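Shown next, in structure tokens, is the structure this report addresses.
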2 protein chains.
Amino acid sequence: MSGLLLMRIIPFIGSFICLILAIIFASLVRKKSRGTTRMKEISDAIFAGSRAYLNQQARMMGIFFVVLEILFGVMVYFGYLEWPSLPAFATGMGFSLIIGYIGMWISTTSNSRVTFAAKEKSLGEAMNIAFTAASASGLLLGTVALFDTAFWFNILYWYYGRGGADTVSSMGSVVNILITFTIGASFAAFFMRTGGGIFTKAADMGADYVGKVESGLEEDDYRNPATIADNVGDNVGDVGGMKADSLESWVGAIIAAEFLGFLAFRSSPLLINSIIMPMIIATAGALASILAIFIIKSIVGRYRENATVSMLTITTLAGLFITVAAIIVMSFFTVKTILGPQYNFLFYASLGGVLAGFLIGLFTLLYTDARYRPTRNISESAKTGPATVVVNGLAYGMESTLLPALTVIGVMLFSFFISNGSSDPKMGLYGVAVAAVAMLAVTPFAITIDVYGPIADNAGGIASMTEQPPAVRKTTDKLDAVGNTTAAIGKGLLIGSAAITALALGQSYFSKIELLKVDVALDFMRDPKILAGLFIGVILPFLFTSLLIGAVGNAANKVVVEARKQIKDILANKSKGDPRAFITIVTRAAQRGIILPGIMIFVIPVVVGILLGPGGVVALIIGTLLSGFAQAIFMANSGGALDNAKKKIEEEGRAGTPEHSASVVGDTVGDPLKDTAGPSMNILIKLISVVSIETAVLIADLYGKLFHF
Amino acid sequence: MSGLLLMRIIPFIGSFICLILAIIFASLVRKKSRGTTRMKEISDAIFAGSRAYLNQQARMMGIFFVVLEILFGVMVYFGYLEWPSLPAFATGMGFSLIIGYIGMWISTTSNSRVTFAAKEKSLGEAMNIAFTAASASGLLLGTVALFDTAFWFNILYWYYGRGGADTVSSMGSVVNILITFTIGASFAAFFMRTGGGIFTKAADMGADYVGKVESGLEEDDYRNPATIADNVGDNVGDVGGMKADSLESWVGAIIAAEFLGFLAFRSSPLLINSIIMPMIIATAGALASILAIFIIKSIVGRYRENATVSMLTITTLAGLFITVAAIIVMSFFTVKTILGPQYNFLFYASLGGVLAGFLIGLFTLLYTDARYRPTRNISESAKTGPATVVVNGLAYGMESTLLPALTVIGVMLFSFFISNGSSDPKMGLYGVAVAAVAMLAVTPFAITIDVYGPIADNAGGIASMTEQPPAVRKTTDKLDAVGNTTAAIGKGLLIGSAAITALALGQSYFSKIELLKVDVALDFMRDPKILAGLFIGVILPFLFTSLLIGAVGNAANKVVVEARKQIKDILANKSKGDPRAFITIVTRAAQRGIILPGIMIFVIPVVVGILLGPGGVVALIIGTLLSGFAQAIFMANSGGALDNAKKKIEEEGRAGTPEHSASVVGDTVGDPLKDTAGPSMNILIKLISVVSIETAVLIADLYGKLFHF
């Protein structure tokens, strides 16, 4: 039994190591100079703006939180939920918000330090600071994810197992509550990612249009007062939002695997081991990420003075390889030790998951990197105007859905059938979930590289706004370029794993329904209610995309109106401008933009469930998953390719030409797709699943009482 | 038995009436003056270009035809198909090509007559000519659709029933061959619609960009040699392609209903009646269309001299109402007479179908007409540049998928459950198919209004190219506006019915599999192969869209290069330009662009079938249907709204302003979505279904032999 205790403790140890390192890294960054007074001022303004936004967001989340806790409370009262769901939901949401705040704080306190290093030291030193700060953020995510899942598992394990209760039934309660705990993380991610996405793109579009197109100013020109809002956006959307999103994915995958492990091992003595194993693989991922971070740091430290972009790019890529390889090795021993060699097929499933994630990442690179045909062709088509740029961008984005989809299908079939050797579909499903956990184990490292980008971007903004010599901006631009390749792969990997996680969550819902002994025949050709559920699911991503990019458009319009007014006064030397006005405008618009989608995410599964029954809800989940995955990849890659096509034209020194203007239009169209709607798809898919799970018993009951056809 | 004979003859009578009237209308048009020598020249050039394109297309179709007939022949040899499939496929493809040619001929011989009437006579007289020509086209479609389906039904009824064969088994063979006959129509539609769509938009984008944007010429300026190709495109894409598409939809719906009628009434004495009924409803639709055409013609004739746009618009709308009302009345008596009052629920199903189609049409109007919020907002957003126009256009297009999807879901559930009163799902499915047939019965009238548009458009092109006074172009522009509202409703209706038809075809496939006694459990949560099939289906429309709009982009680039060269020489008075060069370029590009999609449509269902089994194919069909429907509506409405937003700015006299340029970019992005990829979705969906049906026995056999998991 001490083996079991060790297994239960390992995630806490991993979490603790991550925390210590995160603190060390953050304090290393704090020792560096914050730069000139002007740099500090701007950095402070960005921090203040980000905090103001997050505070406003936290208030809005608070309102939803209270309403939902009351609803859940009512459900507990009527016996449709167990009471530990209430605190579980609270911590899921709370931790997500906290790492959003801390991540934002780390980014905004490091940005001017990076600018200063780029000015006074070297590319290598600037990279060192930015990467160290980003590592602190990434490891903090590891801390929270491991702690949160392990904490609830152990608490519930004790609570339901006290007094020597039957293991199977107590573990059933444990995994049920665990599932409901992810709903908090998902819901927080929805607010942070979607609200942040609206904020960042509205500020970006508005600032760019008035600044660059109408007034002929450069990007981040100090005379454009909307620029601060744009930089705030990078922190609240690309740092805070992205972190909450990844936390949600990771926790969701772990807990879905635990649920499916429970189902597969119900009558096995390895029941608890199977439930703990996903947490151990996640811990392995955190440790692998730490290894990679240290290797990168030592290489960067050694070549600090004479580092080049390509060398640093290769270093971050190598980091990703190391993480992946270490995860594979550790998974092998994890499966062998925890479940025994007869379950080796689960290692193959996790191997398939890791490789598939990596493959999807490479496909993302293929479609969005200027070295390859798609992006090159898009930038080429700028010669015939903005329309052909956009059309080509959309076309390649749509084409790019094929290979990732086939990969997800492949890994799904592979991990199912390899685990199904004993003809036990439950084991097959557990295999699929383990593949998702393994794929996502790379999260701390992926997030490190992802957070690195906005820090470099912010540093560049500060360089421009403080009117540094062009060489400084050039260094920060190089810095920004370093992480791009690795970040593109990481992004693709996260999208791919979201699909598999959602699949595992959908399976969990379905299994929960089955446990309720509700008859669900999913025959969409004999039962039009199932077909209707699939249909609604397929439409949902279209509807959400339209709501979100519509919100960006509205907010951007307001930014444009205000910026026109302010820039006119600034250029006439009548005023110094009021950057805070933009933050207020965009914050309000972002918050307003997520109210309707936020309500819909809770209402739709319930309404579909009441009208079409539990089978219709399963179909809804799957329809949303398939269509949302396609939309997510389409939008991410269209936007990425359009962005890089523009950058390619700029790098070729053609800024200011008609081709460049055409590519700017393309980039502006792609931006809300890539940074607002696209990333929200993952959360939409998973929220629909977890809300369905949360309300499953209620809906089955209501449907049974109301309809009998 | 004389009642049965009468039923069998009615479609022929309807077909004959349509033919006579089409001939009369066509000769009425030919009596009008062809206009000035220059008008005749241009009209002849458009005709020659269109014919050249269709000839090239026919050759390409011939190659595919021979290859497919050989493959089908091999399948017949090995007993996987019955031999009458071979000639059935040939006529399905042949008739489609013939009405493409004749429709093109009617349009190109009437265009200059309309221009001349607009110049010398009045708006009313111009409308009269254009509408009469379009009616001839619409009724010809009725002729072919009714004749073809009735012909094959009667031939096969005789062939399989000779020597007093058992009714049920002989009718089984009849409906099986009938299903395979639609494959010819669908395949021809694919070539004509998709190839034509690439042609028309490549010519349009290229001509517009070099002419309007680069050289500052007006639309259809006589100095732009690519303009002829643009006008040819209207005829081959919007006339020939659209007609083939509608024929395919209509025939597909009728035959799917016959197949499902066979299944629902297998053990009933009303078996033959149930199979004939869809053809009678279709005949009723043709007669209702004739009624509406006569009423419109008499109103236009009465007010010929002082007609206004709004009056004529209301007249065409009234025509649509009359058609719909007459179809409803005739369906009521058809169901009562042919099946008896105890089957009244099938009348309700058809009522639901007609109303749903009409409703979807209204939603199309809501999202694409400049009177309503979406298009108004898009045109408003032109103030902040092209990117916001495009983003808004895409957002509203995505939003616009919701209401049509809910309507289709609603009519599907309604017609299923109202027909399922006797708890017989087969009857429920027949009800759904009858709803589709009723919805599509309006086709001849809808096509009349649809063909009317390109004729008016061509007439305007001729007015500009022959340098008529601006008043003439103004009159033809008004003429063009007349049909827009009704055509928008008609287009929505056709998209809606395509979804239901595809559903009925999918059901036919599924039922065919069931009859083969292959076990297909469609449980996508227990069998990942079903999920994989759904997934591939959802991706397919994205892939096709990318291939098609990519082909448009490539072809447009070539047009731009050639047009730059020629226009330079023309403006320098060095040459008169060579319009035929463009037709050659675009024809080649269009044909090349459909080879890969054309092959994929045949290969994918077979490969999916062999790897994932018959259940995977059912899932493939449904996935393609759901995602393709959403894509079709999204692209049609995005494109429509962007087009009308541009027109609104032009009508407000803001042509030449930056807002106008922004809206032109939006329109150019929307064009290939609306006119190339969007309409191809319907055909893709149905081709995937019919190819699956055609290869069902083969695939079931291969899958059984190759895989056993």
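The values are calculated or read from the model by the stated rules, or taken from the named source; none is laboratory data. The model shown is predicted, which means the values in this text are computed figures rather than measured ones. With ideal geometry, Cβ positions are generated from the backbone for all residues, glycine too; neighbour counts draw on all protein chains shown.
Considering the conditions (1) at positive phi; (2) within 14 Å of another protein chain (Cβ to nearest Cβ); (3) of a type outside the set (Phe, Trp, Tyr), A:GLY577 is excluded by exactly one of them, (2).
Is there a residue being more than 9 Å from chain A (Cβ to nearest Cβ) and closer than 25 Å to A:LEU540 by Cα anywhere in the stretch B:642-658?
Here is the first cut: in the stretch B:642-658, the residues more than 9 Å from chain A (Cβ to nearest Cβ) are B:642-658.
Narrowing further to those that are closer than 25 Å to A:LEU540 by Cα: B:642.
Within the stretch B:642-658, one or more residues are more than 9 Å from chain A (Cβ to nearest Cβ) and closer than 25 Å to A:LEU540 by Cα.
Checking each residue in the stretch A:366-380 for being of a type outside the set (D, E, K, R), modelled with pLDDT of 90 or more and either within 18 Å of B:ALA556 (Cβ to Cβ) or surrounded by fewer than 24 Cβ atoms within 10 Å (Cβ to Cβ) (or both) picks out A:LEU366, A:TYR372, A:PRO374, A:ASN377, A:ILE378, A:SER379.
Under the condition of being of a type in the set (Gly, Ala, Ser) and closer than 17 Å to A:GLY490 by Cα, which residue from the stretch A:337-359 is surrounded by the fewest Cβ atoms within 10 Å (Cβ to Cβ)? Per the criteria, the residue is A:GLY352. Which of the residues spanning the stretch A:206-246 are of a type in the set (Lys, Arg), part of a helix (DSSP H, G or I) and over 14 Å from A:PHE191 (Cα atoms)? The one that is of a type in the set (Lys, Arg), part of a helix (DSSP H, G or I) and over 14 Å from A:PHE191 (Cα atoms): A:LYS212. A:THR194 satisfies every condition listed in (1) of a type in the set (Ser, Thr, Tyr); (2) touching a helix residue (DSSP H, G or I) at 6+ places or on another chain (Cβ under 6 Å); (3) surrounded by fewer than 23 Cβ atoms within 10 Å (Cβ to Cβ) except (3). Of the residues making up the stretch B:613-655, those that are touching a helix residue (DSSP H, G or I) at 6+ places or on another chain (Cβ under 8 Å) and not in a helix (DSSP H, G or I) number 2. Quick check, is B:PHE582 more than 9 Å from every other protein chain (Cβ to nearest Cβ), farther than 30 Å from B:GLY428 by Cα and crowded, with 22+ Cβ neighbours inside 10 Å? For B:PHE582, the condition - more than 9 Å from every other protein chain (Cβ to nearest Cβ), farther than 30 Å from B:GLY428 by Cα and crowded, with 22+ Cβ neighbours inside 10 Å - is met. The conditions of being surrounded by 20 or more Cβ atoms within 10 Å (Cβ to Cβ), of a type outside the set (Gly, Ala, Ser), touching a residue at least 60 places away in the same chain (Cβ under 8 Å) and under 26 Å from A:ALA446 (Cβ atoms) are met by A:PRO404.
Scanning the stretch B:294-309 turns up no residue that is buried (at least 23 other Cβ atoms within 10 Å of the Cβ), closer than 30 Å to B:VAL664 by Cα and in contact (Cβ under 8 Å) with a residue 60 or more places away in the chain.
Conditions (1) in contact with a Gly (Cβ under 8 Å, 6 or more places away or on another chain); (2) free of Cβ contacts under 8 Å to residues at least 24 places away in the same chain; (3) in a helix (DSSP H, G or I); (4) within 18 Å of B:SER692 (Cα to Cα), marked per residue:
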site: B:PHE64; (1), (2), (3), (4): yes, no, yes, yes
site: B:GLU69; (1), (2), (3), (4): no, yes, yes, yes
site: B:PHE89; (1), (2), (3), (4): yes, no, yes, yes
site: B:ILE98; (1), (2), (3), (4): no, no, yes, no
site: B:SER110; (1), (2), (3), (4): no, no, yes, no
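Scanning the stretch B:4-31 for residues being surrounded by 20 or more Cβ atoms within 10 Å (Cβ to Cβ) and closer than 20 Å to B:ALA118 by Cα gives a total of 3.
Go through the stretch A:301-336 and count every residue that is more than 30 Å from the chain's Cα centre (by Cα), in a helix (DSSP H, G or I) and modelled with pLDDT under 90. Walk me through it before giving the result.
Initial filter on the stretch A:301-336 (more than 30 Å from the chain's Cα centre (by Cα)): A:302-307, A:336.
Now narrow it down to the ones that are in a helix (DSSP H, G or I): A:302, A:336.
Pick out the ones that are also modelled with pLDDT under 90 and you get A:302.
Within the stretch A:301-336, residues that are more than 30 Å from the chain's Cα centre (by Cα), in a helix (DSSP H, G or I) and modelled with pLDDT under 90 number 1.
Residues of the stretch A:546-566 being farther than 27 Å from A:GLN631 by Cα and either surrounded by fewer than 22 Cβ atoms within 10 Å (Cβ to Cβ) or within 9 Å of chain B (Cβ to nearest Cβ) (or both), which ones? Those that are farther than 27 Å from A:GLN631 by Cα and either surrounded by fewer than 22 Cβ atoms within 10 Å (Cβ to Cβ) or within 9 Å of chain B (Cβ to nearest Cβ) (or both): A:LYS558, A:VAL560, A:VAL561, A:GLU562, A:ARG564, A:LYS565. Taking the stated definitions as given, is A:ALA589 within 12 Å of chain B (Cβ to nearest Cβ), over 26 Å from B:ALA521 (Cα atoms), buried (at least 19 other Cβ atoms within 10 Å of the Cβ) and of a type in the set (Gly, Ala, Ser)? The answer is no for A:ALA589.
Could you grab me the full set of residues in the stretch A:336-395 that are basic (Lys, Arg) and in contact (Cβ under 8 Å) with a residue 60 or more places away in the chain? If you could, list the steps in order and put the result at the bottom.
Going residue by residue through the stretch A:336-395, those that are basic (Lys, Arg) are A:336, A:371, A:373, A:376, A:383.
Correct list: A:ARG376, A:LYS383.
Give A:SER135, A:SER173 a once-over and let me know the one that is hydroxyl-bearing (Ser, Thr, Tyr), surrounded by fewer than 24 Cβ atoms within 10 Å (Cβ to Cβ), in a helix (DSSP H, G or I) and in contact with a Leu (Cβ under 9 Å, 6 or more places away or on another chain). First the steps, then the outcome.
Working: A:SER135 fails: surrounded by fewer than 24 Cβ atoms within 10 Å (Cβ to Cβ).
Answer to the check: A:SER173.
Taking the numbered list (1) buried (at least 18 other Cβ atoms within 10 Å of the Cβ); (2) in contact (Cβ under 8 Å) with a residue 40 or more places away in the chain; (3) in a helix (DSSP H, G or I) in turn, B:ALA52 passes all entries but (1). Counting residues in the stretch A:597-604 that are within 27 Å of B:LEU625 (Cα to Cα), out of contact with any Phe, Trp or Tyr (no Cβ under 9 Å at 6 or more places or on another chain), within 14 Å of another protein chain (Cβ to nearest Cβ) and touching a residue at least 60 places away in the same chain (Cβ under 8 Å) gives one or more. Just one of the listed residues (A:LEU543, A:LEU503, A:LEU531, A:LEU479) is farther than 30 Å from A:LYS426 by Cα, assigned to a helix (DSSP H, G or I), of a type in the set (A, V, I, L, M, F, W, C) and within 14 Å of another protein chain (Cβ to nearest Cβ), namely A:LEU543.
B:PHE153: more than 28 Å from B:LEU698 (Cβ to Cβ) and either modelled with pLDDT of 90 or more or crowded, with 22+ Cβ neighbours inside 10 Å (or both), yes or no? Spell out the reasoning first.
Working: more than 28 Å from B:LEU698 (Cβ to Cβ): no; either modelled with pLDDT of 90 or more or crowded, with 22+ Cβ neighbours inside 10 Å (or both): yes.
So B:PHE153 fails the test.
Would you check if there is a residue in the stretch A:415-422 being at the interface with another protein chain (Cβ under 8 Å from one of its Cβ atoms) and more than 26 Å from the chain's Cα centre (by Cα)?
Within the stretch A:415-422, the subset at the interface with another protein chain (Cβ under 8 Å from one of its Cβ atoms) is A:416-417.
Filter again for more than 26 Å from the chain's Cα centre (by Cα), leaving A:417.
Yes - at least one qualifying residue is present in the stretch A:415-422.
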